[in-house]
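Beneath this line is the structure, given in structure tokens, with notes to follow.
The values are calculated or read from the model by the stated rules, or taken from the named source; none is laboratory data. Because the structure is predicted, anything quoted here is derived from the model rather than measured. Cβ sites come from the backbone with ideal geometry, for glycine too, and all protein chains shown count toward neighbours. Side chains included, ligands, DNA and RNA excluded: accessible areas come from the protein's heavy atoms. Shrake-Rupley method; radii C 1.70, N 1.55, O 1.52, S 1.80 Å.
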Amino acid sequence: MGSILETERLILRDWRDEDAESLFKYASDDRVGPAAGWLPHKDVGYSRAVIRTLYAKDEVYAICLKGGENEPIGNISLTLEGSPERPLSKGEGEIGYWLGYPFWGQGIASEAVKEVLYHGFVELGLKRIYSGYFKGNNNSKKVQYKCGFKPHHVNTASRVYMLGETRIEYINCITRTDFLATKKSQN
């Protein structure tokens, strides 16, 4: 907790209790949560509880626009500890993200993902980072391919616990070597 990442347009920072109203404003939209595998937030109290539990961890960032009154418009996280459903080896991580609907299609998610990739590979020394999307979530698919992720495997029966359903999930991967080669070619 406590680290801040910056890009040309964004500040990625820790979530705070006072962010609950903003979180609710964007996470209550039916177009956002279900595509990512979670239920839309029903009230500010629920959003505050999410901030205090799920978002109160290392490497979980509120996505804020510079000059935007520091209001969170989405979330991005770099998970370093796997789970039984999503095992990770030493030197691996997984990026998850979502963005409020009014900010879709502006390259914001890609900008945030690229910054977290840089942080993971260069500052934390990771060797491989994964990210996934559910079938039909073409926005996340575009972000991942734009950021250099390549297909790794498909989970044909990925359990989406919050929604009580099973979906097809595409898992993509990028290595430090590929990321640094792409970064070098862009300079």
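Tabulated data
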quantity	calculated
Considering residues of segment 29-52 that are of a type in the set (Val, Ile, Thr) and crowded, with 18+ Cβ neighbours inside 10 Å only, the residue farthest from Met162 (Cα to Cα)	Ile51
Segment 83-121, residues that are closer than 19 Å to Lys25 by Cα and either acidic (Asp, Glu) or open to solvent by less than 10 Å² (accessible area, probe 1.4 Å) (or both)	Gly100, Ile108
From the options Tyr55, Tyr61, Tyr26, residue that is buried (at least 19 other Cβ atoms within 10 Å of the Cβ) and touching a residue at least 60 places away in the same chain (Cβ under 8 Å)	Tyr26
Residues within segment 6-23 that are open to solvent by less than 10 Å² (accessible area, probe 1.4 Å), under 17 Å from Leu78 (Cα atoms) and in contact with a helix residue (DSSP H, G or I) (Cβ under 7 Å, 6 or more places away or on another chain), tallied	2
Residue within segment 105-121 that is in contact with an Asp or Glu (Cβ under 8 Å, 6 or more places away or on another chain), part of a helix (DSSP H, G or I) and charged (D, E, K, R) present	yes
Residues of segment 169-187 classified as under 18 Å from Tyr97 (Cα atoms) and open to solvent by 20 Å² or more (accessible area, probe 1.4 Å), total	1
Checking Ala36 against (1) at pLDDT 95 or above; (2) within 15 Å of the chain's Cα centre (by Cα), the condition it does not meet	(1)
Whichever residue in segment 64-82 is among the aliphatic types (A, V, I, L, M) and either part of a loop (DSSP other than H, G, I, E, B) or over 16 Å from His119 (Cα atoms) (or both) and, among such residues, is least open to solvent (accessible area, probe 1.4 Å)	Ile73
Residues within segment 140-168 that are open to solvent by 50 Å² or more (accessible area, probe 1.4 Å), at pLDDT 95 or above and either farther than 19 Å from Trp98 by Cβ or touching a Ser or Thr at 6+ places or on another chain (Cβ under 6 Å) (or both), tallied	4
